[in-house]
Amino acid sequence: MTDVAIIGLGCAAYTAAVYTARYKLDTLVIGEEEGGMGMTAVEVGNWPGDIDVTGPDLMERYKNHALSFDNVTHKVGRVEKVEQTDDGFRLTMQSGDTEEARTIIFATGSNKRHLDVPGEKEFSGKGVTYCATCDAFFYRGKDVAVIGGGDSAVEGAAIAAQVANKVYLVHRRNEFRAEPYWVDKVNEKENVEFVLERNLVEVLGDGKVTAIKLDKEWNGSDEIKVDGVFIEVGSIPAVDLPKQLGCEMDERGHLKVDDAMKTNITGVFAAGDVTSASNHFAQFATAAGEGSVAANTVFAYLQAGEGHGGAMG
Ligand code: NAP
């Protein structure tokens with residue numbers, strides 16, 4: 001039985017692992033997708049100490065750091081089931097393999113939100129994708145639409161504009177919630193058109209995407225011809241596994257934690273985008289901070305020899 005199973009392979013998970021390793025806890029880091037959402041950041045720009053670094057570079061460094069400790073084990077695979085046992089928790093993998101741990105840190109991150117408009121599912125992978133920064137380079141010389149007004153959409157539009165012929169940035173309001181840094185970047189691009197106060201209502205196509213349909217006319221039409229649509233309307237916390245243990249969520253559906261990153265279930269902790277912490281501000285810096293706090297709390301919990309299982313009193 002390992003001291004702590006950290007579920008997730010992103011920034012919060014690997015930061016927690018660096019700390020639990022140095023606390024001399026036997027640590028298992030386990031997850032399905034290496035790097036998590038951080039892999040999509042082409043330009044990070046706000047990781048202190050690194051002016052010019054990409055998400056994939058940072059993720060590689062976090063992982064190498066965590067795995068440099070002999071007491072850290074790394075496994076890639078989908079965890080299907082989590083249940084309490086007499087002395088901790090059992091994880092069951094999709095493969096049928098099981099792992100036992102005294103404590104758990106959920107660092108399961110989040111998944112991209114879908115709009116569920118007609119045509120979205122039909123053309124998913126045929127012009128509709130959920131990561132502008134990952135997929136823009138397949139649209140060299142083409143016309144694309146990016147939907148959303150947060151950092152993912154505005155950064156995505158700025159990156160897409162480097163290769164695409166034309167980028168339509170479609171946002172439901174006339175203000176962006178993205179960092180002004182990214183808004184300035186996108187404003188500098190001559191091939192970005194702002195389509196504001198409009199919603200995407202349908203993706204049109206014929207085998208592949210040919211146009212988007214808006215809820216209101218823009219430049220005399222409610223359709224814009226495009227070859228690709230990047231839907232960047234935020235993400236939904238990945239809480240299926242914590243729910244299996246009876247963990248509580250907050251009003252926004254994030255895994256509820258206290259200041260020490262404890263959930264309501266004894267022996268269960270959490271860090272990163274999945275949690276209600278850090279004012280829901282999903283950043284490398286907040287994920288790392290939460291991961292370190294969760295690890296420190298696990299250390300204190302195991303040192304105190306606290307009991308296992310059940311809701312916290
Ligand atoms: P986000 O900040 O939640 O923004 C989602 C955007 O989608 C908002 O503009 C929102 O509109 C819009 N939206 C949501 N639901 C919609 C709907 N049903 N129809 C139309 N529009 C909808 O998500 P994000 O941009 O993916 O960013 C997530 C987190 O990652 C943030 O903390 C962000 O700072 C971070 N991030 C950072 C970087 C970076 O620093 N390099 C890059 C990417 C992401 P409203 O504005 O009207 O609510």
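The values are calculated or read from the model by the stated rules, or taken from the named source; none is laboratory data. Just so you know, these numbers come straight off a predicted model, no measurement behind them. Reconstructed Cβ throughout: ideal geometry from the backbone, glycine too, with neighbour counts over all protein chains shown. Calculation scope for accessible area: heavy atoms of the full protein, side chains included, ligands and nucleic acids excluded. Shrake-Rupley method; radii C 1.70, N 1.55, O 1.52, S 1.80 Å.
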Quick shape check on the stretch 128-231: root eigenvalues a ≥ b ≥ c of the Cα gyration tensor, a/c under 1.5 is rounded, otherwise prolate if a/b tops b/c, else oblate, and it reads oblate
For the chain, dividing by residue count, accessible area per residue (probe 1.4 Å) in Å² works out to 47
From the Cα centre of the stretch 157-225 to that of the stretch 1-46, the distance in Å is 35
Partner aspartates and glutamates whose C-alpha sits under 18 Å from that of Lys208, ignoring same-chain residues fewer than 8 away, are Asp116, Glu120, Glu122, Asp135, Asp143, Glu223, Asp227
Per the rule of 0.36 nm per residue minus the C-alpha distance, extending Ala260 to Glu188 adds in nm 21.7 nm
Sorted list, accessible surface of protein heavy atoms, 1.4 Å probe, largest first, for Phe137, Phe230 is Phe137, Phe230
Candidate cut points under trypsin sites (Lys or Arg not before Pro) in the stretch 220-313, DSSP loop plus at most 14 other Cβ atoms within 10 Å of their own Cβ, are Arg252
In whole percent, the fraction of accessible protein surface over the stretch 128-231 that belongs to carbon or sulfur atoms, probe radius 1.4 Å, stands at 40
Expected max-MSF residue from Asn296, Asn165, Asn279 in the GNM of the chain (alpha carbon, under 10 Å) is Asn279
Cα-Cα longer than 24 Å, checked against Lys112/Lys213; Lys24/Lys112; Lys81/Lys112; Lys63/Lys126; Lys63/Lys142; Lys24/Lys262, kept in input order, equals Lys24/Lys112; Lys63/Lys126; Lys63/Lys142
Here the relative contact order (percent) of the chain, from C-alpha pairs under 8 Å and at least 6 apart, is 20
With Met93 itself left out, Lys, Arg at +1 and Asp, Glu at -1 over residues whose Cβ is under 15 Å from its Cβ give -4
Percent antiparallel among DSSP beta bridges confined to the stretch 128-231, rounded to 5, stands at 35
Taking a straight Cα-to-Cα line shorter than 15 Å from Lys216, and setting aside same-chain aspartates and glutamates fewer than 8 residues away, one finds Glu197, Glu202
A chain fully extended from Asn174 to Asn46 at 0.36 nm per residue, minus the present Cα-Cα distance, gains in nm 43.6 nm
For the chain, the charge dipole (Cβ of Lys, Arg +1; Cβ of Asp, Glu -1; about the Cα centre) points to a positive end, and the Cα of Ala295, Val72, Val128 closest to that extreme belongs to Val128
One would report the antiparallel percent of DSSP beta bridges in the chain, rounded to the nearest 5, as 40
Within the stretch 53-162, DSSP-loop trypsin sites (Lys or Arg not before Pro) with at most 16 other C-beta atoms within 10 Å are Arg78, Arg113, Lys121, Lys126, Arg140
With +1 on the Cβ of every Lys and Arg and -1 on the Cβ of every Asp and Glu, the dipole magnitude of the chain about its Cα centre, in debye rounded to the nearest 20, is 180
The correct ranking of Asp57, Asp227, Asp52 by accessible area at 1.4 Å, largest first, is Asp52, Asp57, Asp227
Ignoring ligands and nucleic acids, His254 exposes an accessible area, probe 1.4 Å, in Å² to the nearest 10, of 30
For Thr108, other-chain or 5+-apart residues with amide H closer than 5 Å (H placed, Pro excluded) are Ala271, Val274
Interchain or sequence-distant (5+) residues whose placed amide H lies within less than 5 Å of the amide H of Glu202 are Lys213
The distance between the Cα centres of the stretch 238-313 and the stretch 91-133, in whole Å, is 20
